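Notes follow the structure.
The values are calculated or read from the model by the stated rules, or taken from the named source; none is laboratory data. Bear in mind the structure is a predicted one, so any value in this text is a computation, not a measurement. Cβ atoms come from the backbone with ideal geometry, glycine included; neighbour counts cover every protein chain shown. To get the accessible areas, we keep the full protein, side chains included, count just its heavy atoms, and leave off ligands, DNA and RNA. Shrake-Rupley method; radii C 1.70, N 1.55, O 1.52, S 1.80 Å.
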Amino acid sequence: MSQGNTERWSNAPSPTTLLVVEDDPTINQAVTDRLVAEGFRVVQAFDGPGAVEAYGQHEPDLVVLDLMLPGFDGLEVCRRIQADRPVPVLMLTARADETDLLVGLGVGADDYVTKPFRMREVVARIRALLRRVERARLLAAEQPPVLSVGDLGVDRGSRRVSVRGAEVHLTPLEFDLLLALAAEPGAVRGRDELMRDVWGWADAGGTRTLDSHVKSLRAKIGAARVRTVHGVGYALEADPADSDGTTRAASAHADETP
């Protein structure tokens, strides 16, 4: 049976709404208290069903989501809410296993923080994700609605992607990463540059977030389309196939370290 959700907010005018989903009451309350002090309106949930219910009722601007939850886990919560309306998700996890993290990113999580974490890091990640959403909205209004990079199509308006005419489902952050690379096909985008433009972070130090998202993106659009320039960054290839139509050798290594 789902636990009820609660709501707290600051006195700031029209505060941004966050949903905090964590089954440990002490952690949930500590995160909530800090976010309210930072000026956010916060809705709390303590299990999977309660999280989905609270999401539908309050339509938060961002979700802070624990991976391990009663009822059903954070991965299932993420699948359900992203199917309803794309929303940035910061995942809290006690598991640092790369497979678990890639699964989380694959179902729509935008970033993750490993427990135990510092509150200021959580706040910084939340603000960066919110800046990314606003920046993506502004860029979509300023630039051409559709980009074509070889047989890859990127529709900014509908946020849809197709490969050889077949639609490919990307998470919101995977789409923004692809958009950043597609803006200059063939040009190498530096790691720090991508972290700044897509995530809103000053540098890429101390995180595997970019590498994890590149792996997930490669798995969906084809490994050979995203070229690694070691020590520099990544580039989107306009023609990732050999003359006989087969993908380059790099496509056989979708799971290699970016």
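Of all residue pairs spaced 6 or more apart or on separate chains, those with beta-carbon atoms under 9 Å, a first member in region 170-187 that is within 12 Å of Arg156 (Cα to Cα) and a second member that is of a type in the set (Phe, Trp, Tyr) and open to solvent by less than 20 Å² (accessible area, probe 1.4 Å) are Asp176/Trp199. Within region 172-208, how many residues are under 21 Å from Val149 (Cβ atoms) and modelled with pLDDT under 85? Total meeting the criteria: 4. If you go through region 209-221 and keep only what is at pLDDT 90 or above and open to solvent by 30 Å² or more (accessible area, probe 1.4 Å), you end up with Ala219, Lys220.
Condition check ((1) of a type in the set (Gly, Ala, Ser); (2) in a loop (DSSP other than H, G, I, E, B); (3) in contact (Cβ under 8 Å) with a residue 40 or more places away in the chain; (4) in contact with a Phe, Trp or Tyr (Cβ under 8 Å, 6 or more places away or on another chain)) across all residues:
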position: Leu19; (1), (2), (3), (4): no, no, yes, yes
position: Val31; (1), (2), (3), (4): no, no, yes, no
position: Leu35; (1), (2), (3), (4): no, no, yes, no
position: Gln44; (1), (2), (3), (4): no, no, no, no
position: Ala54; (1), (2), (3), (4): yes, no, yes, no
position: Val64; (1), (2), (3), (4): no, no, yes, no
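For region 112-135, filtered to residues that are in contact with a strand residue (DSSP E or B) (Cβ under 7 Å, 6 or more places away or on another chain), without any contact (Cβ under 8 Å) to a residue 40 or more places away in the chain and part of a helix (DSSP H, G or I), the residue that is nearest to Leu179 (Cα to Cα) is Arg125. Scanning region 34-87 for residues that are within 18 Å of Thr171 (Cβ to Cβ) and either open to solvent by 10 Å² or more (accessible area, probe 1.4 Å) or in contact with a Gly (Cβ under 9 Å, 6 or more places away or on another chain) (or both) yields a count of 20. Every condition in (1) surrounded by fewer than 20 Cβ atoms within 10 Å (Cβ to Cβ); (2) modelled with pLDDT under 85 is met by Glu167 except one, and the failing one is (2).
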